[in-house]
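The structure under discussion appears below in the form of structure tokens.
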Amino acid sequence: MMKFTHLLIVFFFINVAYAHQPDFSNLMIYEKDGKKIVVLKSSLTAFEGEVDFYFKKGAYKTPEEFIQLVIKHFKNNCRITINNETVDLTNLSVILGHETTLFAELKYKPTVVKSLYIKNTFFKNTPNNQCEFILLWKDLPQYQCVLNNFNNQEVKLTLTNNKWLMDTTIDHSFAATISTFYQFTVEGFKHVLPLGLDHILFILALFFLNSNLKSSIIQASMFTLAHSITLILTGIGLINPNLNIVEPLIAFSIVVMALQNIFYPKINHTRLLLIFLFGLLHGLGFASAFLNLHLPEKSTINALLAFTFGIELAQVFIILAVFFLFTKWFFTKIWYQKYFTKIVSIVIGLIALIYTFQRTILMLNT
């Protein structure tokens, strides 16, 4: 009973946090007075966006008409199957507000539950949608997971020894493989641009060694080789790094690269070895972001390759953008090599040093 109460509290606090975020929603199934209740919650903006996209703007003129479209869309996009039999949704109602809530009742005949399938594509047209699913069913184990584009907004569960086991069988068709690869390529790219300032600083530190395009590509390739190793090993579960230690070391690696640019601006075996070692560290950081995406196990390799490819695309984009937008035009100037690259390296080093101190303090207080 205490666990049930705690999950209810978590559920409603999550709702408050997501009330103004159209990317997030919550789907919950719980039991009340012998009835199985389904609740879908998100911001009003999210509901409006989905209804406008699906039914086109102007499809409703009153709140009552809007509610009917929400209910219709939910019926078309929420599927619940118990023991391989689809369960009907009845008595649907909607409460409008900044946090909008849809209620439904499962038309369910009591039986021994052996398997459960949930698919909620209500917000499938919302980019980066994340739906927190919580199961609080009396006499059944509690369960919680995230439904998103990477698992097709669905979860398949089998009850074994009073524990829910996720069925990781997913669509391995060519279209599904391409879709997953594309989605994770985008996620890998985004983790560097615009989200990964420390990784951006590291690539810039490599570039401003001498601003030579060939030299930068060689260094970036060594970095990619290294971070791919630890990213893949962590992604498939062979390594379990302590991020509290890894994150300060990632920041410190940028400081070292910046100092090399200032005091020993040469590309040699020592620098390539350092880049490789630091790439192993950065791969552990990339892996932590990858593992937060909640992908079913059988798509791990495809997703890992795509995520790594996205990271590499972002790195190449940074190097080419800086070179063609700025360096190409000033590379031959005396002040560029003598002063500018040094000043940029100093700024990169100082920012990284601040990151190092911040993350070290956080590590010591954890």
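Structure summary
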quantity	calculated
Estimated 222 nm signal from helices in the chain, with DSSP H stretches of n ≥ 4 weighted -39500 (n - 2.57), rounded to 500	-17500 deg cm²/dmol
Fraction of accessible area attributable to carbon and sulfur, the chain (%, probe 1.4 Å)	65 percent
Sequence ranges 323-335, 350-362, ranked by mean other-Cβ count within 10 angstrom, highest first	350-362, 323-335
Check: the chain dipole with +1 on Lys, Arg Cβ and -1 on Asp, Glu Cβ, in debye	640 debye
Value of relative contact order over the chain, rounded to a whole percent, pairs C-alpha under 8 Å and six or more apart	16 percent
Whichever aspartates and glutamates have a C-alpha closer than 19 Å to that of LYS163, once near sequence neighbours (fewer than 8 apart) are set aside	GLU31, ASP139, GLU154, GLU297
LEU195-LEU238 pseudo-label distance in nm [points 7 Å out on the Cα-to-Cβ vector]	2.5 nm
Geometric extent, Cα atoms of segment 123-239 - Rg, Dmax (angstrom)	20.0, 66
Label selected from [x] 1.07; [y] 1.04; [z] 1.27, the criterion being Rg/Rh (Cα atoms, Kirkwood Rh) as computed here	[x]
Difference of contour (0.36 nm per residue) and Cα-Cα distance, LEU362 to VAL39	112.5 nm
Rg/Rh ratio calculated on Cα atoms of segment 242-346 (Kirkwood radius)	1.06
Equivalent ellipsoid semi-axes, segment 50-137, via Cα gyration tensor eigenvalues times 5, rooted, Å	26, 15, 12
Nearest 10 degrees, 0 to 90: helix 269-291 Cα axis against the chain principal axis	10 degrees
Solvent-accessible area per residue, Å², over the chain with all protein chains present [probe radius 1.4 Å]	52 Å²
Positive dipole terminus of the chain, leading residue within TYR336, PHE208, LEU44 (C-beta point charges)	TYR336
q = 0.10, 0.13, 0.22, 0.24 Å⁻¹: log10 I(q)/I(0) that the Debye formula gives for segment 71-186, counting C-alpha atoms only	-0.35, -0.60, -1.43, -1.55
Using a Förster distance of 30 Å, the FRET efficiency for LEU213-SER288 (Cβ separation, nearest 0.05)	0.45
Per DSSP, loop trypsin sites (Lys or Arg not before Pro) in segment 32-117 with at most 13 further Cβ within 10 Å	LYS56, LYS57, LYS61, LYS114
Approximate spin-label separation PHE55-GLN144, in nm, with each point projected 7 Å along Cα-to-Cβ	3.3 nm
Estimated FRET transfer efficiency when R0 is 30 angstrom, pair LEU274-LEU325 (beta carbons, to 0.05)	0.60
Estimated FRET transfer efficiency (PHE103, VAL186; beta-carbon r; R0 35 Å; 0.05)	0.50
For segment 190-239, alpha-carbon Rg relative to the globular expectation (2.2 N^0.38 Å, N residues)	1.30
Shape box of segment 311-353 [Cα atoms, principal axes, largest first, Å]	32, 30, 10
Highest-first arrangement of 312-321, 203-212, 137-146, where packing means the average Cβ count within 10 Å	203-212, 312-321, 137-146
Rule-of-thumb Rg ratio for segment 175-297 [Cα; 2.2 N^0.38 Å; N residues]	1.11
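The values are calculated or read from the model by the stated rules, or taken from the named source; none is laboratory data. Not measured: the values here are computed from a predicted model. Reconstructed Cβ throughout: ideal geometry from the backbone, glycine too, with neighbour counts over all protein chains shown. Only protein heavy atoms, including side chains, enter the accessible area calculation; ligands, DNA and RNA are left aside. Shrake-Rupley method; radii C 1.70, N 1.55, O 1.52, S 1.80 Å.
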